[in-house]
Structure formats: structure tokens, C-alpha cells
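Below: the structure, in C-alpha cells.
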Amino acid sequence: MKIGIASDHRGVALKSRLAQLLQSMDFEVHDLGPFEAQSVDYPDYAARVAREVSTGAVDRGILICGTGLGMCITANKFAGVRAVTCQDSVTAQYSRAHNDANVICLSADQLSDQLADQVVRMWLKTEFDGGRHARRVQRIGELEREEAERIHGS
Ligand code: RB5
């Protein structure tokens, strides 16, 4: 599985640690920056990962900022991206099982290293349940296309 990962300045330390963890678990990791703690704007880094998920260049994305919230708002602007912010393993599990989330956004300020690892491990190992949830996820995609058509025309 290919995973894109990026952060803003507040998430840069957690990002490097998670990128190493994922590599040690044999995932193919695209670390899309930043690589130093200088202040950056989170939308630019969310876009790097979200675009790779949207085009299929990677299978999943991980984004980290102070709260995880700005990253999530930005990532969900990209076609086909289902981004979630998770603060615990339970929501990480449900976001995969019920929502087929393909991007997870984490709070560098709120999560300890240990909890961040737990959340990411749970999120990566949980499969989508399909069934009735597939209909609902499909509906999200239909609404996304309907809105794009309403705004831009066909
Ligand atoms: C940066 O100060 C902060 O706003 C950012 O890391 C994030 O929490 C935004 O949602």
C-alpha cells in the first residue's frame, strides 16, 4: 500500500516519526513535506496529499497539523477524498469500517506519540465493511459529482 504523508510546522516531528514507523512496516511512503519546522500554511500541504489520493498516486493519506482540523477541511475539497480527523482508535476504526475514509488527519497537539501510533495502526489495518455502508459512501460520491456539475456545468 502506498501512503502519502504531510504536515504543517506543528506536525513536522510527528510526521517524521510516523513516516519512519510506516516504512518499518513495509508501506511505501511518499513524504510530501515539510522537512523543517519553519512556519508553513497547512492548506498547501493538505493539497499535496489530497491530490495524490484523488489521482490514485497513493492509496491513503495521513495529514498532521496542530488540531487536524484545517488539514481535514482542505483535503475534503478534492474529488474522491474522504478525510476524517480522529483522536482515538475507535473513531479511526469506524472511519474505515463505515466511511471508507482514505485520508486521516491527526492533531499533533492532542495526541501522544503512543496514541498517534495506535490510531494510525488501527486505521491502516481496518477494512471497509461494505454492505449498507457501500451505498452511503457511493451516495457521498454522487453528491460530490452533482455539486460539481451544478457549479461548473457538465
Ligand atoms: C497553525 O497555527 C494551526 O492553525 C494549524 O496547525 C492547524 O491546527 C489548523 O487547523
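Just so it is clear, none of the values below were taken in a lab; they were calculated from the coordinates. As the structure is a computational prediction, the values presented were derived from the model and not from experiment. A quick note on method: Cβ atoms are made from the backbone with ideal geometry, for glycine too, and the neighbour counts reach across all protein chains shown.
Quick notes
- Rounded to the nearest 10 degrees, the angle from helix 132-152 to the longest Cα principal axis of the chain is 80 degrees.
- Three-way shape label, the range 1-58, alpha-carbon gyration tensor, a/c 1.5: oblate
- Between the residues Val103, Met71, Gly153, the greatest Cα displacement towards the positive end of the dipole of the range 42-154, with unit charges on the Cβ of Lys, Arg, Asp and Glu, is found for Gly153.
- Counting beta carbons within 10 Å around each of Asp26, Asp31, Asp8 and listing the fewest first gives the order Asp26, Asp31, Asp8.
- For the chain, size of Cβ-based charge dipole, Lys and Arg +1, Asp and Glu -1, in debye: 360
- Classification of the range 69-154 by its C-alpha gyration tensor yields an oblate form. The axis ratio a/c (a ≥ b ≥ c) is 1.5 or more, and b/c is at least a/b.
- Lys125, Lys15 arranged by Cβ crowding within 10 Å, fewest neighbours leading: Lys125, Lys15
- Isolated Cys in the chain, by beta carbon distance under 4.7 Å: Cys65, Cys86
- Cα centroid of the range 1-46 to Cα centroid of the range 76-110, whole Å: 16
- Residue order, fewest to most beta carbons within 10 Å, for Arg60, Arg136, Arg121: Arg136, Arg121, Arg60
- By DSSP, the beta bridges lying fully in the chain are antiparallel in about 0 percent of cases.
- Contact order for the range 1-71, expressed relative to its length and based on alpha carbon pairs under 8 Å spaced 6+ residues apart, stands at 47 percent.
- Helix 42-55 axis versus longest C-alpha principal axis of the chain: approximately 50°, rounded to the nearest ten.
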